[in-house]
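These notes concern the structure reproduced below.
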Amino acid sequence: MKKIIFSLAMIAAVGAIVVGATTAFFSDTETSVGNTFTAGTIDISVDGENPWTTNWENYLDKPCQTNYMNFVIKNEGENPAKIWKRLTNVINGPGAVNYCEASSEPEYEDGGGIVHYEGDNLVCDGGYTERDTLSAFMIYDMAICVLEENESIEDCGLVNDGYENIVKPDLTTGRWVVLIDEIDQVRVDNVVDTWIQLSEGLLPNEKLAVSQSYHLMTWDDSGQPIITNWAQGDTMAFDVELDARQLTAPAPGTTMSNGDVTATVQFVQKNPVTWVEIAAPQGSLTYNIEGEEFVYDIDVTGLAVGVEYSLIYYADPYPGNNPGALIATYTVDGAGEINDSNNNVELGLDLPDSADANYPVGAKLWLVLAADYSGSQMVGWNPSSYLFDKGLVNYDDTQI
C-alpha cells in the first residue's frame, strides 16, 4: 500500500513540472450579459374592463320570467389559466317598502296581514310575516363559448326573445356548451360560494363568453306549486367573482396541507317553506377533494340527544337515488353533537356523479334522520329536522 501511494505522488509532481513549462495556449471566452428571469403573468379582463366594475340592474317583472347576464372574459396574461366563477354575498331583501311593511297590498295580504280603512285612514293589523327568499326560487343556468382573439360574443350566437325582450345564447349554433341546464333546477341558494370551473386552460389572448340566466320560478318538490304575491318587489343582490390561476394550482376555496387538498362545507337548518337559513351554521365537514377513499372530519352541534342521523349524498331529483349514497350513520351524543375525525369511506363514485341533476357543479351532502333514509334514497320527509349543506361538494374518486 505504501508503494502505491508513493507512485501517485510522483505522477502528480511530474504533472506539475509539465504545466509550469507551458508558456502559451489558445482560448476563447463568450459571455451572456443582462440575463433576467421574468415571471409570467396571469391577468384577466371582463368585457374589456380590468378591474371589472360593471354591475347589473335587472328586473323580473313576473314569475317565470328569465333575465340573462352575459359577459366575455379575456386572458390578458402571458400564461394559460384555469378560470373559476362563483356567486357570493347573496342578500335577499324586501325592496321598496311602500305599504305598511311590504311593497304592496297583495304582498302584505299574502304574508298573512289584513288591511282595512278606518275613515280615510288605511290600517294594517300587524299580522304580516315578511318573506324575502328570492335566491331559493331563482333557478340558475349557465353556458360558455370559447372565442378566438378577433371574435365577439355575437359570433357564438345570440337571439333576442321578442316576448320578453332579452338577449340570450342561441344554443342551436353548436358553439355554446351548457354547464348548468335550466331543466335541472339548480337554484341560486344551491350554488352560493360554490366555485364552478369554466375553463381547463384559457390561452393568452383567448376569450371565453359566459351567459348566466336567473329564472324566478318554483321547483319540483318545493311544496309550492306557484310563485305567489310574497315575491312582489323583493330583491336579490349578489356578487359574481372570477378566479384565474395557473394550471397546476389547486381549486379556489381549497387548502393544501401535507400534500392533501381539502375543502370545507357548512351545515345549516332551513325553513321548509321559505327555504331561508335559520340562525347560524350548526357545523361543518372538511374533506379531501380526491383520493381512493372519501376522507373527512365532521363537527356538528345543536342536535337532539340520542337521535340517529345519516350523512348522505343526495343526488337530485327526489328521492335522491340518482345515484345517491349513505356515507355514515351517527347517534347524537349527550352534548347534542356529532364529532368524527379522519373517517374514510369507499364511495365508488365521484361527487357529484354524472347522473346527478347538479352535475357538474357539485354534490349535496345532507344530515337527515336515519329513519328517513333507506336503500340510497329518501323514504320520509321531515326537513325541519335536517341539516342541509351550504355550498356544494366536489370529490374525485381516483379508483374510478
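The values are calculated or read from the model by the stated rules, or taken from the named source; none is laboratory data. It should be emphasised that the depicted structure is a prediction, and the values quoted were computed from it without experimental measurement. Cβ placement follows ideal geometry from the backbone for every residue including glycine, while neighbour counts extend to all protein chains displayed.
Quick notes on this structure:
- Top-ranked residue in the range 155-174 [being crowded, with 18+ Cβ neighbours inside 10 Å and over 24 Å from the mean Cα position of the chain (by Cα); ranked as farthest from Ala251 (Cα to Cα)]: Leu158
- One residue stands out among those in the range 228-249 that are part of a loop (DSSP other than H, G, I, E, B) and either in contact with a Leu (Cβ under 8 Å, 6 or more places away or on another chain) or free of Cβ contacts under 8 Å to residues at least 12 places away in the same chain (or both): the one that is farthest from Gly111 (Cα to Cα), which is Thr248.
- If only residues of the range 171-206 that are in contact with a Cys (Cβ under 8 Å, 6 or more places away or on another chain) and not polar (S, T, N, Q) are counted, the one that is farthest from Ile153 (Cα to Cα) is Val177.
- Qualifying residue in the range 115-136 (condition: in contact with an Asp or Glu (Cβ under 8 Å, 6 or more places away or on another chain), in a helix (DSSP H, G or I) and not hydroxyl-bearing (Ser, Thr, Tyr)): yes
- In the set (1) hydrophobic (A, V, I, L, M, F, W, C); (2) assigned to a loop (DSSP other than H, G, I, E, B); (3) at pLDDT 85 or above, Trp56 fails one condition alone, (3).
Here's the yes/no breakdown for (1) part of a strand (DSSP E or B); (2) at negative phi; (3) surrounded by fewer than 19 Cβ atoms within 10 Å (Cβ to Cβ):
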{"position": "Asp333", "(1), (2), (3)": "no, yes, yes"}
{"position": "Asn342", "(1), (2), (3)": "yes, no, yes"}
{"position": "Leu349", "(1), (2), (3)": "no, yes, no"}
{"position": "Leu365", "(1), (2), (3)": "yes, yes, no"}
{"position": "Val368", "(1), (2), (3)": "yes, yes, no"}
{"position": "Ala371", "(1), (2), (3)": "no, yes, yes"}
{"position": "Asp389", "(1), (2), (3)": "yes, yes, no"}
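- Contact annotation: residue pairs with Cβ atoms under 8 Å, 6 or more positions apart or on different chains, pairing a residue in the range 170-183 that is farther than 11 Å from Asn358 by Cα with a partner that is acidic (Asp, Glu) and not in a strand (DSSP E or B), are Arg175/Asp155; Trp176/Asp170.
- Looking across the range 251-283, the residues that are under 17 Å from the mean Cα position of the chain (by Cα) and surrounded by 14 or more Cβ atoms within 10 Å (Cβ to Cβ) come down to Ala251, Pro252, Gly253, Thr254, Val261, Thr262, Ala263, Thr264, Val265, Gln266, Phe267, Val268.
- Within the range 203-221, tally of residues that are assigned to a loop (DSSP other than H, G, I, E, B), over 30 Å from Lys74 (Cβ atoms) and touching a Lys or Arg at 6+ places or on another chain (Cβ under 9 Å): 1
- Exclusive hit being out of contact with any His (no Cβ under 9 Å at 6 or more places or on another chain) and either in contact (Cβ under 8 Å) with a residue 60 or more places away in the chain or not aliphatic (A, V, I, L, M) (or both), set Asn98, Asn67: Asn98
- Residue in the range 297-305 that is under 22 Å from Asn382 (Cα atoms), surrounded by 19 or more Cβ atoms within 10 Å (Cβ to Cβ) and under 19 Å from the mean Cα position of the chain (by Cα) present: no
- Residues of the range 183-197 that turn out to be crowded, with 16+ Cβ neighbours inside 10 Å, more than 11 Å from the chain's Cα centre (by Cα) and not basic (Lys, Arg), as a count: 3
- If you go through the range 265-290 and keep only what is β-branched (Val, Ile, Thr) and assigned to a strand (DSSP E or B), you end up with Val265, Val268, Ile278, Thr286.
- Screening the candidates Asp220, Asp234, Asp243 for the property of being among the charged types (D, E, K, R) and surrounded by fewer than 15 Cβ atoms within 10 Å (Cβ to Cβ) yields one hit, Asp220.
- Exactly one residue out of Gly320, Gly291, Gly283, Gly223 is closer than 30 Å to Glu105 by Cα and either touching a residue at least 40 places away in the same chain (Cβ under 8 Å) or in contact with a Phe, Trp or Tyr (Cβ under 7 Å, 6 or more places away or on another chain) (or both), and it is Gly223.
- Filtered by the rule that a residue be at pLDDT below 95, touching a helix residue (DSSP H, G or I) at 6+ places or on another chain (Cβ under 8 Å) and over 30 Å from Gln224 (Cα atoms), the range 171-194 gives a lone residue, Thr173.
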